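The values are calculated or read from the model by the stated rules, or taken from the named source; none is laboratory data. All of these numbers come straight from a predicted model, not from anything done at the bench. A quick note on method: Cβ atoms are made from the backbone with ideal geometry, for glycine too, and the neighbour counts reach across all protein chains shown.
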Amino acid sequence: MIKIAILASGSGSNAENIAQYFSTHKNVKITYILSNKKDAFVLERAKKLGIKSKVFSNKEMKEQVDLLNLLKVEADFIILAGFLLKVPENIIKAFPDKIINIHPALLPNYGGKGMYGMHVHRAVKENNEKETGITIHYVNENYDEGAIIFQASTALTSEDTAEDIAAKIHLLEQEHFPKVIDGVINK
């Protein structure tokens, strides 16, 4: 059985989509949904889905010991689904090419520290981009610089608002993220 832990900081729609995708999978189990925010809605989703959850502080993330020990027992792969903290080097080294993130733009564009969610969509809109998309990539020690696994794009019009762009990105995330994870972990 391949064990997956999901790290999320927000509402958790991607985490829920991934959990539902793998709920009937014969050799994959979502073991934990972990969050650095005690009021993140992803924790309610975890409860509804019957998946164990845990909240950890930013300090615990930096100290890594308890979190790393939990992950070593409970996860073969770590999926970042709207997780906003930088993953410490100890965890990256313990899970080489086993930590996967999704970014709401076509990297290397619009990546790096502070580039997440609506910050990305507003920047895409301000630059009058004709397309944007998602990038699924491995996590390394630098924000959004890990090897790219998959990208999908969507066309934009001059009438699209940042909110319209966010909706288009959300559709791409929901369509592709679970399938790409499945392809990576079952190769």
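Annotation note: Cβ proximity below 7 Å between a residue of region 172-187 that is of a type in the set (A, V, I, L, M) and a residue that is surrounded by fewer than 17 Cβ atoms within 10 Å (Cβ to Cβ) (sequence gap 6+ or interchain) occurs for Leu172/Thr154; Ile185/Ile2. Of all positions in region 119-129, none carries a residue that is closer than 19 Å to Phe83 by Cα, surrounded by fewer than 21 Cβ atoms within 10 Å (Cβ to Cβ) and within 15 Å of the chain's Cα centre (by Cα). On the basis of being within 27 Å of Met118 (Cα to Cα), within 18 Å of the chain's Cα centre (by Cα), assigned to a helix (DSSP H, G or I) and modelled with pLDDT of 95 or more, does Ala40 make the cut? So Ala40 fails the test.
Scanning region 121-167 for residues that are of a type in the set (Gly, Ala, Ser), in contact with a Gly (Cβ under 9 Å, 6 or more places away or on another chain) and under 18 Å from Val180 (Cα atoms) turns up Ala152, Ser153. I need the full set of residues from region 77-116 which are modelled with pLDDT under 95 and aromatic (Phe, Trp, Tyr), in order please. Once the filter is applied, which keeps residues that are modelled with pLDDT under 95 and aromatic (Phe, Trp, Tyr), region 77-116 yields Phe83, Tyr116. Any residue at all in region 169-178 that's closer than 20 Å to Glu16 by Cβ, among the acidic types (Asp, Glu), out of contact with any helix residue (DSSP H, G or I) (no Cβ under 7 Å at 6 or more places or on another chain) and not assigned by TED's automatic domain parsing to the domain that holds Leu68? Within region 169-178 (the criterion being closer than 20 Å to Glu16 by Cβ, among the acidic types (Asp, Glu), out of contact with any helix residue (DSSP H, G or I) (no Cβ under 7 Å at 6 or more places or on another chain) and not assigned by TED's automatic domain parsing to the domain that holds Leu68), the answer is yes, since at least one residue qualifies. The residues of region 44-56 that are part of a helix (DSSP H, G or I) and either crowded, with 20+ Cβ neighbours inside 10 Å or not aliphatic (A, V, I, L, M) (or both), listed by number, are Glu44, Arg45, Ala46, Lys47, Lys48.
If you go through region 117-174, how many residues are in a helix (DSSP H, G or I) and not acidic (Asp, Glu)? First the steps, then the outcome.
Quick first cut of region 117-174, residues in a helix (DSSP H, G or I) only: 117-126, 162-174.
In the following step, the residues that additionally are not acidic (Asp, Glu) were identified as 117-125, 162, 165-172, 174.
Residues that pass the stated criteria total 19.
Annotation note: of Lys29, Lys48, Lys52, the sole residue that is within 27 Å of Ala166 (Cβ to Cβ), modelled with pLDDT of 95 or more and not aliphatic (A, V, I, L, M) is Lys48. Restricting attention to region 6-22, the residues that are more than 11 Å from the chain's Cα centre (by Cα) and either among the acidic types (Asp, Glu) or under 14 Å from Lys52 (Cα atoms) (or both) total 2.
I want to confirm something. Restricting to region 32-42 and keeping residues that are surrounded by fewer than 20 Cβ atoms within 10 Å (Cβ to Cβ) and of a type outside the set (Lys, Arg), which single residue is nearest to Val73 (Cα to Cα)?
Step one: of region 32-42, the residues surrounded by fewer than 20 Cβ atoms within 10 Å (Cβ to Cβ) are 36-39, 41.
Restricting the remaining residues to those that are of a type outside the set (Lys, Arg) gives 36, 39, 41.
Working: Asn36: 19, Asp39: 25, Phe41: 25 Å.
If we take residues in region 32-42 being surrounded by fewer than 20 Cβ atoms within 10 Å (Cβ to Cβ) and of a type outside the set (Lys, Arg), then Asn36 is nearest to Val73 (Cα to Cα).
A count restricted to region 63-85 and to residues that are in contact with an Asp or Glu (Cβ under 8 Å, 6 or more places away or on another chain) and either among the polar types (S, T, N, Q) or in contact (Cβ under 8 Å) with a residue 12 or more places away in the chain (or both) stands at 1. So, Leu43, is that one touching a residue at least 40 places away in the same chain (Cβ under 8 Å) and among the aliphatic types (A, V, I, L, M) or not? Taking the combined requirement at face value, the residue does not satisfy it.
Exactly one residue out of Ala5, Ala19, Ala15 is closer than 17 Å to Val139 by Cβ and touching a Leu at 6+ places or on another chain (Cβ under 8 Å): that is Ala5. Of all residues in region 61-76, those being part of a helix (DSSP H, G or I), modelled with pLDDT under 80 and surrounded by 14 or more Cβ atoms within 10 Å (Cβ to Cβ) number 2.
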